[in-house]
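> Would you mind keeping the following structure in view while I ask a few things?
The values are calculated or read from the model by the stated rules, or taken from the named source; none is laboratory data. Keep in mind that what you see is a predicted model, and the values were worked out from it rather than measured. Ideal geometry is used to build each Cβ from the backbone, glycine not excepted, and the neighbour counts take in all protein chains shown. Note: accessible area is taken over every heavy atom of the protein model, side chains too, but ligands, DNA and RNA are not part of it. Shrake-Rupley method; radii C 1.70, N 1.55, O 1.52, S 1.80 Å.
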Amino acid sequence: MEHAEVLPVTELLDERRHLLEVACGMLGSSGAAESVVGDTYRRWYGLSEAERVEASTPRNWLAKTLGEICLSLLAHPRPGGSSVVGRPEAECVELADRARHSVRTRRSRSTSPAEHDLLARSVREACANEDAELLESLLCPDATAFFDGGGKVRAPTRPVHGSRHVARGLLVLLARHPRTTLTAQSVNGRTGLVAHYDREAAAVISFDVAAQHVAQVWIVLNPDKLRSWKHLPAPGDRGS
């Protein structure tokens, strides 16, 4: 379980913004910068777990690697631009499919929209108040969290298992910060959570519910999938 890989959304966005600024400054193109940042994270995920642990300051490793990629591009431009192929995630898709199947087979009865809404808002309250005990009580003992970083941010590549570990991961990810806002909103037709940092969407979280507890947590951190969540809702629609 990759506890060290769960970072606050503030750190995730600040790190990515820094890398984009460095790449754009070196290459003079925002499009090329996006491609190089993606390539940099792809190399990070290509490291073994031991190699990632050895990089005591990951942000420095990322900046150094990004600089090397930029210098290589400047010396030897790629034909047709700087596009890179995203990191394969077939194994994560398979795990997610298995998890969904597990939830469906375990449900003793359907969860009503009102019950789902109440549970999701309770999770938001527990996260906002940094109440680990309450949050853990809202999760199934064998709850699982899946992180979709798309190879674009430094997110866990493996599912996080167990109510205590999932609760800890959520509290780290959604740590209180004066520039962050956590709201309850409709996500895939059911109430979920959206975290904004400086009015920029940083994470969208949805839940699968079984027996009045959260069984699966789906956390989207991939910037490409957050573009439709750019703006905060109106004050009256933020939920609680």
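> Are there trypsin sites (Lys or Arg not before Pro) in the stretch 160-226 that DSSP marks as loop and that have at most 16 other Cβ atoms within 10 Å, and which are they? Provide the component values of the computation, followed by the final result.
Details: sites: Arg164, Arg168, Arg176, Arg179, Arg190, Arg199, Lys225; in loops: Arg176, Arg179, Arg199.
Here the sparse-neighbourhood loop sites are Arg176, Arg179, Arg199.
> Might you tell me the accessible area per residue for the stretch 132-199, computed with a 1.4 Å probe and given in Å²?
Counting only protein heavy atoms, the per-residue value for the stretch 132-199 is 42 Å².
> Further question: What FRET efficiency do you get for Ala211 and Arg179 if R0 is 41 Å and r is their Cβ-Cβ distance, rounded to the nearest 0.05?
Computed FRET efficiency for Ala211 and Arg179: 0.65.
> Between Ser30 and Arg158, what is 0.36 nm times their sequence separation minus the Cα-Cα distance? Round to one decimal in nm.
43.1 nm
> Here is a follow-up. Compute the label zone of Ser72 within the stretch 34-58: residues whose backbone N is under 11 Å from the point 7 Å along Cα-to-Cβ.
39-40, 43
> Okay, moving on. Around Ala175, which amide H atoms from residues at least 5 apart in sequence, or from another chain, sit under 5 Å from its own amide H, with H modelled in the peptide plane?
Here the answer is Val9, since their amide H atoms fall under 5 Å of that of Ala175.
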